[in-house]
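Heads up: the structure comes next, in structure tokens.
The values are calculated or read from the model by the stated rules, or taken from the named source; none is laboratory data. None of the values given here were measured: they were computed from a predicted structure. Virtual Cβ from ideal backbone geometry, glycine too; neighbours counted across all protein chains shown.
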Amino acid sequence: MNRVAIYPGSFDPITRGHENIIQRALMLFDNVIVAVAHRRTQKKEGLFKIQERVKMIEKAFEGESRVVATEFDGLLVDYARKMEARIIIRGLRAVSDFEYEFQMALMNRHLSPEIETIFLAPAEQYSYLSASFIREIGSLGGSVREFVNPNVHEALQRKFGPLA
Ligand code: PNS
């Protein structure tokens, strides 16, 4: 039986930290579904359109057939069930992430007790990295090259112009 995990998030855009979590998940599972969420409760669209984010994830894992990038709307647990994934992967960077992640894991368990959440820690050099920092630093023309793959870097430069 294939062990399938789902790694949900906003991925606006995918960072080296996300990629690092996906690589780690690939050591534990046969297939990893990277699922970009439509955030109905958020008014703003985000920096990149959902489809653009999915494309960037696909590009980042072009040679890796075990990674599938998708988008989903509605409850994560419903989507996980539909995709026959019993494991949700979330990255934990620091203690500050813990409270929100713990609440979300327990709420998802309440909604769907058969689905388990597993937390993975990224490599230390990405422990202070977030997509929101990438968006902010990029919008201000700063250097983010080491924190995103070259394709994402190009996409950021198309949005914001040349970055340091
Ligand atoms: O990268 P993010 O923004 O922290 O990811 C949060 C995400 C998308 C995983 C979460 O908001 C989510 O699962 N949204 C889908 C709707 C849902 O199931 N909400 C209930 C969560 S307890």
| remark: Restricting region 122-164 to residues that are in a helix (DSSP H, G or I) and among the hydroxyl-bearing types (S, T, Y), the one farthest from R93 (Cα to Cα) turns out to be S139
| query | What is the one condition in (1) under 20 Å from the mean Cα position of the chain (by Cα); (2) over 19 Å from I22 (Cβ atoms); (3) touching a residue at least 12 places away in the same chain (Cβ under 8 Å) that P122 does not satisfy? | reply | (2)
| field | Every residue from region 110-119 that is touching a helix residue (DSSP H, G or I) at 6+ places or on another chain (Cβ under 9 Å) and not polar (S, T, N, Q) | value | L111, E114, I115, E116, I118, F119
| request: Could you check E19 against (1) under 21 Å from V148 (Cα atoms); (2) at pLDDT below 95; (3) charged (D, E, K, R) and say which number it fails? | output: (2)
| said: Condition first: crowded, with 22+ Cβ neighbours inside 10 Å and among the polar types (S, T, N, Q). Now tell me which residues in region 1-58 satisfy that. | reply: T15
| request: Give E99, E64, E84, E52 a once-over and let me know the one that is more than 16 Å from the chain's Cα centre (by Cα) and farther than 21 Å from F29 by Cβ. | output: E99
| note | Flagged in region 107-164 as within 30 Å of L75 (Cβ to Cβ), among the aromatic types (F, W, Y) and loosely packed, with under 15 Cβ neighbours inside 10 Å, in numbering order, are F133
| task | Determine whether region 90-102 contains at least one residue that is farther than 19 Å from Q23 by Cβ and crowded, with 17+ Cβ neighbours inside 10 Å. | result | no
| task | Give region 1-30 a look and list any residue that's away from the ligand (no atom under 15 Å from the Cβ) and assigned to a loop (DSSP other than H, G, I, E, B), or say none. | result | M1, N2, R3, F29, D30
